[in-house]
Amino acid sequence: MSSAVATDLRRSTGVVVERVVRRFGDRTVLDQLDLTIADGELVILLGPSGCGKSTLLRLLAGLDRPDGGRVEVPAKRAIVFQADRLLPWQRVLRNVTLGLHGPDAEQRARDVLAEVGLSGRERAWPKELSGGEAQRVSLARALVSEPGLVLLDEPFAALDAITRLRMHDLVRALRTRHQAAMLLVTHDIDEAIALADRVLVMSDGRIGGSHEVHLSAADREASVAREELRARLLEDLGLAGRH
Amino acid sequence: MTEVRIPAPAVIKGPDAATKNERAREVFVPRGARRRTTLGTLRERLRWPLGVYTTPVVILIAWEALARAGVLTKTYAPAPTSIVNSAVDLWQQGVLGPDLAISLQRAGLGLALGLTVGIVAGVLGGLLRSGEYLFNGVVQVLNTIPLLAVLPLMIVWFGIDELTKVLLISFGAGVPMYLNLFAAIRGVDQRLIEMTRTTGAGTWRLVTRVLVPGSLPGFLVGLRFSLAYSVLGLVAAETVNADQGLGFLITQGQTYLQTNQVFVGLVIYSLLGLLADQFVRALERVLLRWRPSYEAS
Ligand SMILES: Nc1ncnc2c1ncn2[C@@H]1O[C@H](COP(=O)(O)OP(=O)(O)OP(=O)(O)O)[C@@H](O)[C@H]1O
Ligand SMILES: [Mg+2]
């Protein structure tokens with residue numbers, strides 16, 4: 001009952017960004033940028049370093065205000081930062097319940113921790129976690145509030161290849177369960193192809209290219225369509241002819 | 001240019017040196033598994049039998065020996081055993097007990113007052129911009145005034161009663177507590193504060209789960225300084241004018257050339273300092289378990 005209401009609420013709100021401008025001094029990092037994300041959609045944002053991906057994410061998170069234009073996002077948002085940003089002085093469970101209230105807060109946190117494969121580690125200190133485990137805790141912290149939008153800023157950049165593949169599986173599994181819109185920033189084209197409903201490429205302070213991805217899980221791993229998509233993404237990034 | 005030739009020392013030094021130079025290697029095994037001869041264990045034991053307290057104990061023994069041999073005269077530095085004897089004597093005469101009690105009472109009152117003011121002001125200053133404006137300037141100025149230089153003024157203002165002593169101690173304790181607590185709260189990682197905001201946690205959560213625990217290390221540093229400075233304040237206040245207390249005991253010893261008695265006072269002061277240090281250490285062990293530097297992981 002209550003979850004049905006929550007889903008309805010989320011349906012009515014997506015991400016709408018209209019002609020957003022963001023300047024640092026006299027540098028315009030975001031220049032009249034437009035972006036819409038449908039509910040439950042997983043959008044991947046690619047772009048060269050310094051093009052303004054994190055800047056856009058911070059605007060969507062509400063951490064910074066735009067210098068022009070308009071940003072409309074769901075009220076319940078969560079962000080997973082590049083570094084895990086766990087509170088070192090709180091155990092795992094208390095890190096996850098940080099923004100939660102109510103008598104069932106602990107139980108919900110336990111459930112989400114189980115979802116990310118960390119049941120039994122609730123009482124660990126962050127210093128006792130591996131990099132991948134810490135990143136999973138911050139993923140759990142983001143998901144536990146049942147947000148309508150999850151923003152992920154290069155969440156797996158510091159992880160090794162195998163852990164990263166596991167995290168991809170995790171993200172896919174969590175998506176089907178939580179149905180939140182997700183915007184994930186990455187430098188990794190293969191990661192983009194593996195996860196995305198849509199891949200966006202940023203250039204010159206705007207969304208330069210947009211590619212819908214309608215591929216089966218197997219086709220995402222290896223197929224002609226995959227290679228074509230990869231080539232188009234490389235072209236958008238200005239890297240055509242390499243690799 | 002003349003040709004520079006690099007001599008080949010490896011060949012000259014022989015095969016043994018050559019392998020050592022070319023491919024120096026290191027082998028790591030579990031600490032316990034290193035092959036130890038009984039002689040080696042014995043040597044390690046003999047080297048630092050009491051850990052960090054080895055040096056003080058060695059000094060004490062040397063001191064005792066020198067005193068017994070008559071090298072150190074009794075009025076200059078009496079033997080440690082004779083200091084202990086004097087302490088026992090003074091205690092049995094009913095002098096040391098009350099003196100110690102009154103000193104501890106002064107230190108306790110001064111600390112309670114100084115820490116309360118320092119902590120309240122530090123928390124307000126750390127959390128609120130208006131608190132910072134209210135307190136920071138004053139405390140910075142106070143911090144530049146040496147503790148001992150305030151004593152004459154306090155005597156003029158409050159007389160030579162208990163109040164002066166307690167206030168001097170609380171002054172010594174409060175200022176470092178404020179400064180350290182303020183810096184600790186302001187020094188909590190901004191990125192963690194930002195993260196907390198994004199989880200939807202309110203101000204209360206931010207304070208109780210982020211700012212307070214995050215500033216604990218700095219708070220404990222402040223506490224360490226406060227305890228040390230409060231002992232300093234205690235000594236200063238008691239030495240200048242008192243008719244009871246440890247300082248009085250020392251001054252009296254000085255007047256009557258009772259070097260023993262002076263040393264008894266000094267030893268008790270140092271024991272108080274050690275106790276305070278151990279107290280903070282125990283607190284750190286309990287409160288800072290989360291720190292990576294504690295129990296290597
Ligand atoms: N607080 C700031 N003050 C001044 N300039 C900033 C600030 N934050 C970002 N910038 C500038 O804005 C530009 C975009 O930064 P942003 O962090 O969004 O890049 P990015 O696309 O996330 O890069 P990366 O992939 O390396 O993380 C950069 O050139 C950066 O120098
Ligand atoms: Mg970035």
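General observations
- Only one of the numbered conditions (1) away from ligand 2 (no atom under 16 Å from the Cβ); (2) without any contact (Cβ under 8 Å) to a residue 60 or more places away in the chain; (3) part of a loop (DSSP other than H, G, I, E, B) is not met by A:A173, and that is (3).
- Residue that is surrounded by the fewest Cβ atoms within 10 Å (Cβ to Cβ) [pool: residues in region A:46-73 that are near ligand 2 (Cβ under 10 Å from one of its atoms) and away from chain B (no Cβ under 14 Å)]: A:S49
- Selected residue (criterion: nearest to the other protein chains (Cβ to nearest Cβ)) from residues of region A:75-105 that are touching a residue at least 40 places away in the same chain (Cβ under 8 Å) and small (G, A, S): A:G99
- Verdict on B:T208 being surrounded by 19 or more Cβ atoms within 10 Å (Cβ to Cβ) and part of a helix (DSSP H, G or I): no
- For region B:255-274, a residue qualifies if it is within 20 Å of the chain's Cα centre (by Cα) and either surrounded by 11 or more Cβ atoms within 10 Å (Cβ to Cβ) or hydroxyl-bearing (S, T, Y) (or both), and the qualifying residues are B:G265, B:L266, B:V267, B:I268, B:Y269, B:S270, B:L272, B:G273.
- Qualifying positions in region A:155-170 - out of contact with any helix residue (DSSP H, G or I) (no Cβ under 8 Å at 6 or more places or on another chain) and within 16 Å of ligand 2 (Cβ to nearest atom): A:A157
- Residue within region B:228-249 that is out of contact with any Leu (no Cβ under 9 Å at 6 or more places or on another chain), outside any helix (DSSP H, G or I), under 28 Å from B:V95 (Cα atoms) and without any contact (Cβ under 8 Å) to a residue 60 or more places away in the chain present: yes
- Filtered residues of region A:46-84 (kept if assigned to a loop (DSSP other than H, G, I, E, B), among the charged types (D, E, K, R) and away from ligand 1 (no atom under 12 Å from the Cβ)): A:R65, A:D67, A:K76, A:D84
- Residue in region A:224-231 that is at pLDDT 85 or above and part of a loop (DSSP other than H, G, I, E, B) present: no
- Residue within region B:183-198 that is touching a strand residue (DSSP E or B) at 6+ places or on another chain (Cβ under 7 Å) and either free of Cβ contacts under 8 Å to residues at least 12 places away in the same chain or within 14 Å of chain A (Cβ to nearest Cβ) (or both) present: yes
The values are calculated or read from the model by the stated rules, or taken from the named source; none is laboratory data. Note that the structure is predicted; figures quoted are calculated from it, not measured. As a convention, Cβ positions derive from the backbone with ideal geometry for all residues, glycine included, and neighbour counts pool all protein chains shown.
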